[in-house]
Amino acid sequence: MADTAATPSVLLTVSGEIDPAIHERILRGERPRADYLEMARGFDADLLDYRAARAGGGVLGRMLERFAGSNALLAWMCWRKRAQYRVVMTDGEQIGIPLSLLLKFFGRGARVTRHAMIVHTLSVGKKMLFFDRFGIQSHVDRFIVYATWQKIFIETRWHVEPARVVLSPFMVDDAFFAPTHVTPMSVARDRPLICAVGLERRDYATLMDAVRDLPIDVVIAAASPWSKQDDTTRHADVPANVTVKKFTQFELRQLYADSVFLVMPLYAVTFQAGVTAILEAMAMERAVICSLTPGQTDVIVDGAHGVYVRAEDPAALRAAIERLLRDPDAAARMGRAGRQLIEGKMNLDHYVTGLRAQILALAESPSP
């Protein structure tokens, strides 16, 4: 990596346990590159996951994890290690909020450690409480957000300077999610296949109403490696043309390839719910039909990469599905444009480069 002399000492959290075999699985092509591994390489950062935090936490750490959870343990270990690093980067508010509390009430340390926090959504009551009541926004030096709505919300509600709230395009590993890595059609089909992927704030009831009795097959991959949302298909009246199952990332790539397009049915969310699946499908040259929500507006350009429809409206969703099925040339054109967007702006390499610039700037900025 160039400019290593200027690279700050960075600690990056991983809110989970890093698979010991992850490097081998990536090399074998079984899964995409992990964003935290690429960031660690790009920032010359140390990684701290649950396993490492437990190993260094001792008796107090075990007690903290037992009563407050693994993310609180990660935050506490970041605070304990703060003197060793110029920047601590937390990979979500579930760690960033407790770390901000520790930094505010127990100190940043003589070195004045800076804190960059990746933000998914702060516009919910429990999270807002810590900022409203304790003013911990003073101890988040960079908010890294993925949705314009969240940027505006943070700046407006807590009067945070716009320069401290950085809108970063999200990403996908377009070397893994690439049409060249799959067979054009893994199974011969008599009628079109469309897919829907993920759990977080998915409105699968609307999708199932929209496709009921359509002469198509629908696969819902109702799973997520990090979402705690319930599977909304579990107790639903699933139509005969809909299949619900789980896929590995390797299998999911083939599902995108076999599908004519992706449908992303969302409730009215204010954050980038569904962005991972949207980018994966676009990387696989698939158009996307997406619910128009306040938070999901920073990826798809309507008519260029896909189609927006009113949220929770089965009739509007059905009409959009039928329209794209009737016009496969338009769907293919949107898919190609989506791949171009990923390659030019929203892949993993662009993501790491952009965040590295933010971390360098933060490390070199004057102490707060």
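What follows draws every value from the coordinates through simple rules; no lab data is involved. Values in this document were obtained by computation on a predicted structure and should not be read as measured data. For neighbour counting, all protein chains shown are included, and Cβ atoms are generated from backbone atoms with ideal geometry for every residue, glycine included.
Computed quantities for the displayed model
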{"quantity": "Isotropically averaged projected area of the range 179-344, using the convex hull of Cα atoms (one quarter of hull area), nm²", "calculated": "8.9"}
{"quantity": "Distance histogram in 5 Å bins (all Cα pairs of the range 267-368, percent per bin)", "calculated": "2, 12, 18, 19, 17, 10, 7, 5, 4, 2, 1, 0"}
{"quantity": "Unit charges at the beta carbon, dipole of the chain: most positive-side option, VAL219, THR297, ALA315", "calculated": "THR297"}
{"quantity": "Reference-scaled alpha-carbon Rg (2.2 N^0.38 Å with N residues) for the range 54-152", "calculated": "1.06"}
{"quantity": "Percentage relative contact order, the range 210-368, counting C-alpha pairs under 8 Å, at least six apart", "calculated": "19"}
{"quantity": "Cα-based Kirkwood hydrodynamic radius, the range 231-292, one decimal, Å", "calculated": "13.0"}
{"quantity": "The range 327-366, Cα convex hull volume normalised per residue, Å³", "calculated": "50"}
{"quantity": "The chain - Rg over Rh from alpha carbon coordinates, Kirkwood radius", "calculated": "0.99"}
{"quantity": "Dimensionless Rg ratio for the range 1-107, taking C-alpha atoms and the 2.2 N^0.38 Å reference", "calculated": "1.13"}
{"quantity": "Size of charge dipole - the chain - debye, nearest 20, with Cβ of Lys, Arg +1 and Asp, Glu -1, no other charges", "calculated": "1140"}
